[in-house]
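The values are calculated or read from the model by the stated rules, or taken from the named source; none is laboratory data. Just so it is clear, the model here is predicted, and its values are computed rather than measured. Reconstructed Cβ throughout: ideal geometry from the backbone, glycine too, with neighbour counts over all protein chains shown. Just so you know, the surface numbers come from the protein's heavy atoms only, side chains and all, with ligands and any DNA or RNA stripped out. Shrake-Rupley method; radii C 1.70, N 1.55, O 1.52, S 1.80 Å.
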Amino acid sequence: MEKKWLIRMLLLIAYCVPYAFLSINGDANSGTMMFYCVMVVAFFLLCFVSIKTNNIAVIFIGNIFSFVFSYICVILGDLEAKAWYFKPFTAQSLLMVISIVVTIIQVSAVIRYKKKNK
């Protein structure tokens, strides 16, 4: 039982990394899409481990944590000064779009896994 809590806590801590902010910030500062690839891989691995360890709730809570920390970083990181770079989005709206898309993809992965294992 203690091991399950440890895995759950480690997953939640890993979700607290502001992946979307790091991607947006990296794109704005270096002009490369590589940071989005890192974000996709990180979210894929977190989702995969959460599903395999039967910590489905962690996916939803973790996405909220990641969004909140990313949103705070966008505000504190002053990415609004680079709003011209994200046209037609602002940094905050791009963050929302990324977070929604990531959540939809992870929810579909959970649904697919549950259907496969019935």
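Computed in the context of the full set of protein chains, the accessible area of the chain at 1.4 Å probe radius has 75% of its extent on carbon or sulfur. Cross-link partners of Lys118 among lysines, defined as those whose alpha carbon lies under 30 angstrom from its own and excluding same-chain residues fewer than eight positions apart: Lys3, Lys4, Lys52.
Specify whether the C-alpha gyration tensor of the chain places it in the rounded, prolate or oblate class, a ≥ b ≥ c being the square roots of the eigenvalues: rounded for a/c under 1.5, otherwise prolate if a/b is larger than b/c and oblate if not.
Prolate, because a/c is 1.5 or more and a/b exceeds b/c.
Taking the average, over residues, of other Cβ atoms within 10 Å as the packing measure, peptides 107-118, 89-100 rank 89-100, 107-118 from highest down. Accessible surface area normalised per residue over the stretch 1-56 is 60 Å², counting heavy atoms of protein chains with a 1.4 Å rolling probe.
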